[in-house]
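The values are calculated or read from the model by the stated rules, or taken from the named source; none is laboratory data. A quick note: this is a predicted structure, and the numbers were derived from the prediction, not measured. Backbone-built Cβ (ideal geometry, glycine too); neighbour counts: all protein chains shown.
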Amino acid sequence: MVFHPGPRHGGQMSRNATEAISARPTGSASDPDGPVSGAVRLDGMLGLGTLSRVIGEVRRDVAAAHARDPAARGAGSVEVLSTWPGVQALLAHRVAHGLYGAGVPLAPRAVSMLSRMLTGIEIHPAAQIGHGFFVDHGAGVVIGETAQIGDDVTLFQGVTLGGTGFATGKRHPTLQDNVTVGAGAKLLGAITVGHGAKIGANSVVIQDVPPNTTVVGNPGHPVRVDGRRPEGPDVDWIHLPDPIADAIKELSDRLGELEREVAELAGGVARPEAEVRPLRKARGPSPAGG
């Protein structure tokens, strides 16, 4: 599935369009109307249609917090709006993004900086974010300029959607719908994380992730969870596969087989094989309640 920004994502504009508007100086030859043109764009942004859309987005943001944060299920909407940093950072970003798209100077970055100071979450005003986005806890989350986030995406604290190098253009990740990113994970570069993918805590992802895939490790390795496809905001980080332990187990088995063959050739008795035990149970109840 390809990420398609547009009206479905809060009327957010494509990067090329936002760059063209933000780079166009007020009153220049490329903008003969100068301040009048900017005022028309800002007036259109503040119309009744926009107000209705913003109210709908606020409702969806609060609903996402109630659905995915157990601590929010006993709290009212006003409490969530006033005390949940992930919700507050997202609301501030929607304001900053709207100002950025309207070509308003300085204000978008000022709103973004103030939001970072209050919530600990840094979101560039140009980042494109879909409906139902939720940041749990949120401290240390960084979302870069060209990042694109689909619908019903969940991030935990310490997540970075960062770029690589100093080149301009698309340089931050694209997260499609229903992606979950665990605490401390780093997603770097212009990669695409497919629909329904799950990124394990503290993973470092630098390559594209196929849909419905779980990635763990540094660098990230695609794995599966008990043969089933994870979907939606699954926060069970305990029963993830461990590719490093699997590789060590395979090497131990091969070493034991070689020792037996050598012992048979030498007419001796092979030493007992070393046992590789997993550090945690591979199966069992999910701490997320699933």
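Residues are listed down the side, and each one gets a yes or a no for (1) of a type in the set (Asp, Glu); (2) at pLDDT 60 or above; (3) more than 16 Å from the chain's Cα centre (by Cα):
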position: VAL193; (1), (2), (3): no, yes, no
position: GLY200; (1), (2), (3): no, yes, no
position: VAL204; (1), (2), (3): no, yes, no
position: ARG224; (1), (2), (3): no, yes, yes
position: PRO243; (1), (2), (3): no, yes, yes
position: LYS249; (1), (2), (3): no, yes, yes
position: GLU259; (1), (2), (3): yes, yes, yes
position: VAL269; (1), (2), (3): no, yes, yes
position: LYS281; (1), (2), (3): no, no, yes
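In a residue-by-residue description of region 54-77, the property of being modelled with pLDDT under 90, closer than 21 Å to HIS124 by Cα, surrounded by 15 or more Cβ atoms within 10 Å (Cβ to Cβ) and more than 26 Å from the chain's Cα centre (by Cα) applies to no position. Criterion first (farther than 20 Å from ALA64 by Cα, under 11 Å from the mean Cα position of the chain (by Cα) and surrounded by 22 or more Cβ atoms within 10 Å (Cβ to Cβ)) does LEU155 satisfy it? No, not satisfied.
Within region 49-78, residues that are at negative phi and outside the structural domain of ASP136 (by TED's automatic domain parsing) reach no partner that is at pLDDT 90 or above and β-branched (Val, Ile, Thr) with beta carbons closer than 8 Å at six or more positions or on different chains. Would it be correct to say that HIS172 is of a type outside the set (A, V, I, L, M, F, W, C) and either farther than 16 Å from THR192 by Cβ or not assigned by TED's automatic domain parsing to the domain that holds VAL215 (or both)? For HIS172, the condition - of a type outside the set (A, V, I, L, M, F, W, C) and either farther than 16 Å from THR192 by Cβ or not assigned by TED's automatic domain parsing to the domain that holds VAL215 (or both) - is not met. Flag not set for THR18, criterion: modelled with pLDDT under 90, surrounded by fewer than 20 Cβ atoms within 10 Å (Cβ to Cβ) and in contact with a helix residue (DSSP H, G or I) (Cβ under 9 Å, 6 or more places away or on another chain). Of all residues in region 202-226, those being surrounded by fewer than 17 Cβ atoms within 10 Å (Cβ to Cβ) and not in a strand (DSSP E or B) number 10.
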